[in-house]
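Colleague: Sending over a structure as structure tokens; questions will come in a sec.
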């Protein structure tokens, strides 16, 4: 993990852990938004409606800023925290891990539950493919039509992902740029302005 990129999963992982008759089915799922995580969780609750517990944790956001865990009826901190710990141990974000428990009739105790949920989460995460993705930031550029060649050269040089573009006498471009390239792009835009090109721009981090 660094300030310019993040690690996430590119496929769904699954695992099965058994402990004293209880079965722990685990799933690691790509979830780029909280809404997507909630939707995937609800799908698993419907699919495994007869299970005793659907414990989970997620970490979401390019800067790992959103996270949540749930014990779903298990003793406090015996399920959600161990699952979250497995996500964090791999420095992953934009991922949901759910462990579905079918009770086997024998209580495991808090220590046993922590071990079981940790093992189940680990099994699911062991089967995913981890990928590194660039953190993107937005940039907006306004310019006279006469400056179009210079702006288009920057689009190609910095591999800008154009989200909106308007060609008129006064043109507008909204795009995403890789965070690691942002400062270099801003320096080149400032240079164009300093050399007399009618360009205005702004960027968010």
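The values are calculated or read from the model by the stated rules, or taken from the named source; none is laboratory data. Fair warning: this is a prediction, and the values are worked out from it, not measured in the lab. Virtual Cβ from ideal backbone geometry, glycine too; neighbours counted across all protein chains shown.
Colleague: Among the listed residues 100, 59, which satisfies the condition of being closer than 18 Å to residue 16 by Cβ and modelled with pLDDT of 95 or more?
Modeller: Only one candidate qualifies: 100.
Colleague: In the set 116, 124, which member is closer than 19 Å to residue 38 by Cβ, crowded, with 21+ Cβ neighbours inside 10 Å and in contact (Cβ under 8 Å) with a residue 40 or more places away in the chain?
Modeller: Answer to the check: 124.
Colleague: Taking the range 187-205, which residues are closer than 23 Å to residue 6 by Cα and in contact with a helix residue (DSSP H, G or I) (Cβ under 8 Å, 6 or more places away or on another chain)?
Modeller: 203, 205 - these are the residues of the range 187-205 that are closer than 23 Å to residue 6 by Cα and in contact with a helix residue (DSSP H, G or I) (Cβ under 8 Å, 6 or more places away or on another chain).
Colleague: Any chance the range 73-88 includes a residue that's within 13 Å of residue 28 (Cα to Cα), outside the structural domain of residue 177 (by TED's automatic domain parsing) and touching a helix residue (DSSP H, G or I) at 6+ places or on another chain (Cβ under 7 Å)?
Modeller: Within the range 73-88, one or more residues are within 13 Å of residue 28 (Cα to Cα), outside the structural domain of residue 177 (by TED's automatic domain parsing) and touching a helix residue (DSSP H, G or I) at 6+ places or on another chain (Cβ under 7 Å).
Colleague: Looking only at the range 2-29, which residues are in a loop (DSSP other than H, G, I, E, B) and touching a helix residue (DSSP H, G or I) at 6+ places or on another chain (Cβ under 7 Å)?
Modeller: Of everything in the range 2-29, just one residue is in a loop (DSSP other than H, G, I, E, B) and touching a helix residue (DSSP H, G or I) at 6+ places or on another chain (Cβ under 7 Å), namely 4.
Colleague: Which one of these does residue 125 not meet: (1) under 20 Å from the mean Cα position of the chain (by Cα); (2) part of a helix (DSSP H, G or I); (3) outside the structural domain of residue 94 (by TED's automatic domain parsing)?
Modeller: (3)
Let's see how each residue does on (1) in contact with a helix residue (DSSP H, G or I) (Cβ under 7 Å, 6 or more places away or on another chain); (2) on the phi > 0 side of the Ramachandran plot; (3) exposed (fewer than 13 other Cβ atoms within 10 Å of the Cβ):
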| site | (1), (2), (3) |
| --- | --- |
| 150 | yes, no, no |
| 154 | yes, no, no |
| 164 | no, no, yes |
| 171 | yes, no, no |
| 174 | no, no, no |
| 185 | yes, no, no |
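Colleague: Against the condition surrounded by fewer than 21 Cβ atoms within 10 Å (Cβ to Cβ), assigned by TED's automatic domain parsing to the domain that holds residue 125, touching a helix residue (DSSP H, G or I) at 6+ places or on another chain (Cβ under 7 Å) and at pLDDT 95 or above, how does residue 67 come out, does it pass?
Modeller: yes
Colleague: In addition: With respect to residue 31, determine if the residue is surrounded by 14 or more Cβ atoms within 10 Å (Cβ to Cβ) and either over 18 Å from residue 91 (Cβ atoms) or under 21 Å from the mean Cα position of the chain (by Cα) (or both).
Modeller: Yes, satisfied.
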